[in-house]
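**Q** Could you have a look at this structure, given as structure tokens, before my questions?
The values are calculated or read from the model by the stated rules, or taken from the named source; none is laboratory data. From a predicted model like this one, the values you see are computed outputs, not experimental measurements. A quick note on method: Cβ atoms are made from the backbone with ideal geometry, for glycine too, and the neighbour counts reach across all protein chains shown.
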């Protein structure tokens, strides 16, 4: 059985007032960032518990993988193909097929991370519409206690500079990190990155998490829309793309799946459900 | 000029000299110095390297030697690099990062090795090498080896060893010593007065001049307290043999780190100069394999004994690889930058797997055969040329690695593979010598060869982990994955071969299989092993034939099998058990010993039916042990529970026994860290006042008494494991009501009371 991990649920919450860091005055909307061709300077930054990365990424898969490939730079050894495909399947994608369109490189030192962003991004040979690059657990390797302050500062600056450079290409960026200790200036370049910033919080029950949208101009419903699978995307899919498991883009058929708004309408906050046995509930 | 013969006892850098201590054949100890400046290389953009060279020279940190060529590890091709001589080896670890920060595009090679390692690599010497030494006026002139690093019959130097121990308290902000004892050759001196301790110990050290000071807790407690006391009282305490004063920083905090999913604690280090301080509690190799094992690792790794004693076993295997690279002119990168190539998530799903485990068929069996691959992972690495630079090399395309299709280079022999080969061969040689010693009844030789082969075993065990270890210089995740893929393939082939010959596989676990066949003949097994070895190209050996064997179910989910939870008795009566209570470190000795006593009795049963007839004996023993617990006849030290802290004591929030004990430690001011061991006694497990449920042994007093109900529960749990094959279960939830225990001062074993572990168990 491909999908064996524990169930995960995601709920969308209204905007939170507990924003961990200030946002730009007029960020692009998340929908723009995630469901349409990427405008220059668009990137999404998510503060989240490390372990949520694969499930959240799977939740975003429908939007991210539309005519694109997803490249994950895994700095925290968190990319879990099972959790990813499980979450993606709930969004209506064939878990197995999309695994061929997601590429991963794992980094175990900050120097490897630097080498990846400088030498392997943007990935060559990707599809025409520009790849999505997910930097998972960007902060993790920089938390290593034995690192010298100057060294980690220099490498983080180099990594962030390169990511900012990528923002000027057609690469779409997603950066995830765990909440850093408060008042540590070191993390500022990372915290200030991203035209859209949000946070994923653990929910009250085991396996739940909540994605918050906050800050002026960032619309939580956009995030909801994104998590709901991008109904506009669905409309925009080429004929036959919804045809079933073989095409990798099977639409949701289960009752517990999010109710998608149509024609710009928004459904109430909804959830992503992933059954423990891999089947939609 | 003088000449002497002896052993290279110790070495350490001092300024731009290496200080060498020799244990002379006649018993003398000789201190010599040898001018030495470690060599390093730098590459990268030429203008950056040139600027860096100028800066190094201007600051006097290193002397440029000019441009040269060395071999790039990844490509195997020559690469131009600038050679430098490090002028201040002692401070180089601090200055190197500063230069690296200033010139971030410069690539550094061979730059962060220990000066002692560099000296050994360059001069081709090693600690404990027997050698002929020429010297003059305290300076080494020449060093000629008289044994080989890979020799198996070398002699260790005769050393004078003293055992230092102390009693004291770690409570409060300032740890204190109540008494200090030095034991040497049967004589023991104890000092009870703080004012006398330092002076007495110093006089004893000057008089006895030991080569080795052995302690248990010297790094975490004894030496920091002694140095702090010396600082406070302005006493010139000099435990070193080196007459020159050595700068030391007194620290009591070590570091906690994760390894294989467990948090471990490494105490601070208090090495001595010119003599060794070895702390059993801060040395894995010393604790497991004694001095013989430690010597073996130090010789092969070319790292001084005191230092390798305090390092993980992986440091040893890593140093062997570094030495090989050094001698062959392969550049050793300072920072690991080679990233993993992109792979699809589907590929990741296939490749990111461990060894293959077939869950056991839960039950109680007779005549089970266990076959084990001999050093499977190192053998795969060695025989199939798995090394970071050979996996997915740019020059070949053969997709040789089963299942995941990675390519293995056909043109180069990998560094890691070549480094492993002689270790595997040496271990085989030691095992043969051990068998010979067993045959002749030479206990000394048996112990020596056993310790040496065991130390090598640990090296081989961790060489696979090191391939995937993020800080391993010669590590690469794809190589790690390739080894696992091969191991899975070999277990599959083994299963097919066994089944083709009519065997049924009950269980397999990464590198071993348990098989059964009705009415098989023992003569069939060598042919089966040979066929498996031939098909897999890996050596496999018969571990043994069990007369009976129990594969136990999960405790939480009784209908679910659990790998590595079994026990059984071989036909020669030897027991083998894994994953049961007597193997657990967090069970009290008394309970573990009780379970083991039941198993030892069971080992006399010839078959499953005989096992079941022993149930009344088991129950009688259990009843007696329960009585001893109820009557308070069990010495307290046998009821101590020792658990490793998975986090710092103040971070515990639950109400389990460990959490309560950890919080008790934090409240009492015990300076414990994550990874350290916590010792406590269950005193009143059901008490409403949670603070009374457990008592730390450090806080135990005359009023502390164990809770018999809690220990009877543990006893029954352990007993139920042994009773499971007979279908008998004792109630673990409702032990008999508590009687007021009598406090016992007994410290010796009573009749019927289980003994500690014995040696013949595997």
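**Q** Do we find that residue A:63 is at pLDDT below 90, more than 8 Å from chain B (Cβ to nearest Cβ) and under 30 Å from residue B:98 (Cα atoms) in this structure?
**A** no
**Q** Conditions: (1) over 15 Å from residue B:375 (Cβ atoms); (2) at pLDDT 95 or above; (3) surrounded by 18 or more Cβ atoms within 10 Å (Cβ to Cβ); (4) touching a helix residue (DSSP H, G or I) at 6+ places or on another chain (Cβ under 8 Å). Residue B:490 meets all but one. Number of the miss?
**A** For residue B:490, the exception is condition (1).
**Q** When only residues in the stretch B:632-660 that are closer than 14 Å to residue B:710 by Cα and more than 31 Å from the chain's Cα centre (by Cα) count, which is surrounded by the most Cβ atoms within 10 Å (Cβ to Cβ)?
**A** Ranking the qualifying residues of the stretch B:632-660, first place goes to B:634.
**Q** Among the residues of the stretch B:715-733, are any at pLDDT below 85 and not in a helix (DSSP H, G or I)?
**A** Yes, some residue in the stretch B:715-733 is at pLDDT below 85 and not in a helix (DSSP H, G or I).
**Q** Looking at residue B:355, is it more than 14 Å from chain A (Cβ to nearest Cβ) and part of a loop (DSSP other than H, G, I, E, B)?
**A** Yes; evaluated as a whole, the condition is true for this residue.
**Q** Identify, by number, the condition in (1) within 14 Å of chain A (Cβ to nearest Cβ); (2) not in a loop (DSSP other than H, G, I, E, B) that residue B:316 doesn't meet.
**A** With (1) within 14 Å of chain A (Cβ to nearest Cβ); (2) not in a loop (DSSP other than H, G, I, E, B) applied to residue B:316, the lone miss is (1).
**Q** How about the stretch B:373-389: which of its residues are in contact (Cβ under 8 Å) with a residue 60 or more places away in the chain and assigned to a loop (DSSP other than H, G, I, E, B)?
**A** Listed by number, the residues that qualify are B:374, B:375, B:384, B:386, B:387, B:388, B:389.
**Q** Conditions first: (1) at pLDDT 95 or above; (2) part of a helix (DSSP H, G or I); (3) surrounded by fewer than 17 Cβ atoms within 10 Å (Cβ to Cβ). Residue B:134 passes all but one, so which condition is the exception?
**A** In the conditions (1) at pLDDT 95 or above; (2) part of a helix (DSSP H, G or I); (3) surrounded by fewer than 17 Cβ atoms within 10 Å (Cβ to Cβ), residue B:134 misses (2) alone.
**Q** Please go through the stretch A:105-122 and give me each residue that is closer than 22 Å to residue A:168 by Cα and either more than 10 Å from chain B (Cβ to nearest Cβ) or touching a helix residue (DSSP H, G or I) at 6+ places or on another chain (Cβ under 7 Å) (or both), ordered by number.
**A** A:113, A:114, A:117, A:118, A:121, A:122
**Q** For residues that are in contact with a strand residue (DSSP E or B) (Cβ under 6 Å, 6 or more places away or on another chain) and facing chain B (nearest Cβ under 9 Å), scanning just the stretch A:78-104, find the one that is surrounded by the most Cβ atoms within 10 Å (Cβ to Cβ).
**A** So, considering only residues that are in contact with a strand residue (DSSP E or B) (Cβ under 6 Å, 6 or more places away or on another chain) and facing chain B (nearest Cβ under 9 Å), the one surrounded by the most Cβ atoms within 10 Å (Cβ to Cβ) is A:102.
Results for (1) in contact (Cβ under 8 Å) with a residue 40 or more places away in the chain; (2) surrounded by fewer than 21 Cβ atoms within 10 Å (Cβ to Cβ), shown as yes or no for each residue.
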site	(1), (2)
B:397	no, yes
B:412	yes, yes
B:429	yes, yes
B:442	no, yes
B:445	no, yes
B:448	yes, no
B:451	yes, no
B:470	yes, yes
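**Q** Further, regarding this structure: Across the stretch A:132-145, what is the number of residues that are facing chain B (nearest Cβ under 10 Å) and either at pLDDT 90 or above or touching a strand residue (DSSP E or B) at 6+ places or on another chain (Cβ under 9 Å) (or both)?
**A** Residues meeting the conditions: 2.
Here is a yes/no grid of residues against (1) on the phi > 0 side of the Ramachandran plot; (2) under 32 Å from the mean Cα position of the chain (by Cα); (3) surrounded by fewer than 19 Cβ atoms within 10 Å (Cβ to Cβ):
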| position | (1), (2), (3) |
| --- | --- |
| B:494 | no, yes, no |
| B:502 | yes, no, yes |
| B:558 | no, no, yes |
| B:589 | no, yes, no |
| B:597 | no, yes, no |
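**Q** A further question follows. Which one is farthest from the other protein chains (Cβ to nearest Cβ) among residues in the stretch B:326-349 that are more than 24 Å from residue A:119 (Cβ to Cβ) and touching a residue at least 60 places away in the same chain (Cβ under 8 Å)?
**A** Applying the filter and picking the extreme gives B:327.
**Q** Follow-up. For the stretch B:89-109, what are the residues that are farther than 21 Å from residue B:322 by Cβ, out of contact with any helix residue (DSSP H, G or I) (no Cβ under 7 Å at 6 or more places or on another chain) and part of a loop (DSSP other than H, G, I, E, B)?
**A** Of everything in the stretch B:89-109, just one residue is farther than 21 Å from residue B:322 by Cβ, out of contact with any helix residue (DSSP H, G or I) (no Cβ under 7 Å at 6 or more places or on another chain) and part of a loop (DSSP other than H, G, I, E, B), namely B:91.
**Q** Determine which member of the set B:98, B:85 is surrounded by fewer than 20 Cβ atoms within 10 Å (Cβ to Cβ), on the phi < 0 side of the Ramachandran plot and away from every other protein chain (no Cβ under 14 Å).
**A** So the residue among B:98, B:85 that is surrounded by fewer than 20 Cβ atoms within 10 Å (Cβ to Cβ), on the phi < 0 side of the Ramachandran plot and away from every other protein chain (no Cβ under 14 Å) is B:85.
**Q** Quick one: which of B:563, B:558 is within 21 Å of residue B:507 (Cα to Cα), assigned to a loop (DSSP other than H, G, I, E, B) and modelled with pLDDT under 95?
**A** Just one listed residue meets the conditions, B:558.
**Q** Now a separate question. Every residue in the stretch B:1-36 that is part of a loop (DSSP other than H, G, I, E, B) and farther than 25 Å from residue B:148 by Cα, please.
**A** Matches in the stretch B:1-36: B:1, B:15, B:16.
**Q** Go through the stretch A:87-109 and count every residue that is in a loop (DSSP other than H, G, I, E, B) and at pLDDT 90 or above.
**A** Looking only at that region, the number is 3.
**Q** Could I ask something else about it? May I ask you to list the residues in the stretch B:493-532 that are assigned to a helix (DSSP H, G or I), in contact with a helix residue (DSSP H, G or I) (Cβ under 6 Å, 6 or more places away or on another chain) and under 23 Å from residue B:404 (Cβ atoms)?
**A** Within the stretch B:493-532, B:493, B:494, B:497, B:532 qualify.
**Q** Scan the stretch B:462-477 for residues that are within 10 Å of chain A (Cβ to nearest Cβ) and in a helix (DSSP H, G or I) and jot them down.
**A** B:477 - this is the single residue of the stretch B:462-477 that is within 10 Å of chain A (Cβ to nearest Cβ) and in a helix (DSSP H, G or I).
**Q** Something else about it: Condition first: within 14 Å of chain A (Cβ to nearest Cβ) and crowded, with 17+ Cβ neighbours inside 10 Å. Can you find one or more residues in the stretch B:362-369 that meet it?
**A** Scanning the stretch B:362-369 turns up no residue that is within 14 Å of chain A (Cβ to nearest Cβ) and crowded, with 17+ Cβ neighbours inside 10 Å.
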